1. To the nearest 10 degrees, how steeply does helix 3-18 sit against the main Cα axis of the chain, on a 0 to 90 scale?
2. Rounded to the nearest 500, what is the 222 nm mean residue ellipticity of the chain from helices alone, with -39500 (n - 2.57) per DSSP H run of 4+ residues and division by all residues?
3. Count of lysine pairs in the chain with Cα atoms under 16 Å apart, counting only pairs 8 or more residues apart in sequence or on different chains?
4. Over all pairs of distinct alpha carbons, what does the Kirkwood formula give as the hydrodynamic radius of the stretch 257-306, in Å?
5. Given R₀ = 22 Å, FRET efficiency for R59-R234 by Cβ-Cβ distance, to 0.05?
6. Over 5 Å intervals from 0, what percent of Cα-Cα pairs in the stretch 155-200 sits in each interval?
7. How much length, in nm to one decimal, is gained on full extension between D122 and Q138, taken as 0.36 nm per residue of separation minus their Cα-Cα distance?
8. What is the percent carbon and sulfur in the accessible area of the chain, measuring with a 1.4 Å probe over the protein chains and ignoring ligands?
Amino acid sequence: MTRARLLRLGAALCAGAALPSFAQQQGRPAMTMNTRPIPSTQEVLPVVGCGTWIGFDQRPGTEEYKRLPGVLDALFAAGGKVIDSSPMYGRSEETTGELLASSKQRENKAFLATKVWTSGRDAGIAQMEQSFARLRTQRMDLMQVHNLVDWKTHLATLRGWKEKGRVRYIGITHYTASAYDEVEAVLRAEKLDFLQINYSIDAREAEQRLLPLAAERGVAVIVNMPFGGGGLLRRLRDKPLPAWAPEIGCASWAQVLLKFVLSHPAVTCTIPGTSRAEHMADNAAAGAGSFPDAAFWRSNARSVGL
């Protein structure tokens with residue numbers, strides 16, 4: 001190890017030791033979360049948000065539901081704001097709307113993203129109106145066509161809604177590499193604000209064409225499944241962190257995996273899902289500090305079998 005590397009490692013370790021606990025972070029985060037611009041407007045977004053699949057599909061009165069206000073508190077305290085949902089996520093939209101209304105954080109803090117997931121113009125309009133009602137908002141920050149279902153029909157509707165100010169941004173989503181050819185074709189043919197796609201250290205196919213194309217087309221990228229759908233994080237949980245983790249400001253495997261995703265320059269934001277405040281705070285910490293370059297990951301990811 002060179003002296004310069006040793007000094008950097010020592011500084012990172014000292015910084016990590018000085019970080020306050022989650023409870024101490026409730027008033028103000030220890031570090032400022034990075035932001036990146038949405039290419040179509042240059043509005044900046046914090047780089048770590050919160051996905052609501054499974055975790056927010058909870059009913060009032062349950063112990064799981066009672067934990068969720070702390071998740072949003074941790075997101076906002078760390079400087080995050082993107083909350084992503086969908087009508088296919090059970091009760092998640094409704095839960096999100098309830099929590100934001102009770103905390104009065106909607107207008108000041110949250111960037112709400114949801115999706116349309118049905119076929120036909122009238123069915124799409126009805127579903128999107130339902131999402132507005134469930135999320136208790138008059139204007140959606142981002143409406144996305146979920147998994148490209150009837151995308152031509154819905155994009156036509158959404159362009160009209162964007163002109164009227166009902167939605168601020170429009171986009172498309174998918175979560176599997178088998179759909180990448182169609183995703184690429186839509187990206188090339190349509191003017192979009194956002195692409196939401198899966199990307200993780202063990203599922204890197206999006207690097208080949210989609211992420212470079214999004215950058216070329218001026219499309220913001222939201223990364224879903226940054227933990228490889230959860231399986232990767234479970235496999236790593238009992239392994240010791242690599243020796244280089246403190247050097248890049250990581251104190252957990254979740255932070256390592258999120259730092260990898262955020263190291264790609266085309267990525268605007270990632271939305272790991274969680275139903276626990278302590279996990280949200282841990283995830284959000286990955287959005288602070290600097291991000292290693294591709295050469296770092298080529299060299300070091302192999303050392304831990306990634």
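The values are calculated or read from the model by the stated rules, or taken from the named source; none is laboratory data. Everything quoted here is computed from the prediction, not taken from an experiment. No Cβ is skipped: glycine too gets one built from the backbone with ideal geometry, and neighbour counts run over all protein chains shown. Heavy atoms of the whole protein, side chains included, go into the accessibility calculation; ligands, DNA and RNA do not. Shrake-Rupley method; radii C 1.70, N 1.55, O 1.52, S 1.80 Å.
1. 60 degrees
2. On the way: 11 runs with 122 residues, N = 306.
Using -39500 (n - 2.57) per qualifying helix, the result is -12000 deg cm²/dmol.
3. 7
4. Numbers: mean 1/r = 0.0829 Å⁻¹.
Hydrodynamic radius (Kirkwood, Cα pairs) of the stretch 257-306 is 12.1 Å.
5. 0.25
6. 5, 20, 28, 21, 14, 9, 3, 0
7. Details: separation 16, 0.36 × 16 = 5.76 nm, distance 1.93 nm.
Contour length minus the Cα-Cα distance gives 3.8 nm.
8. Values: 7090 of 13880 Å².
Exposed carbon and sulfur together represent 51 percent of the surface.
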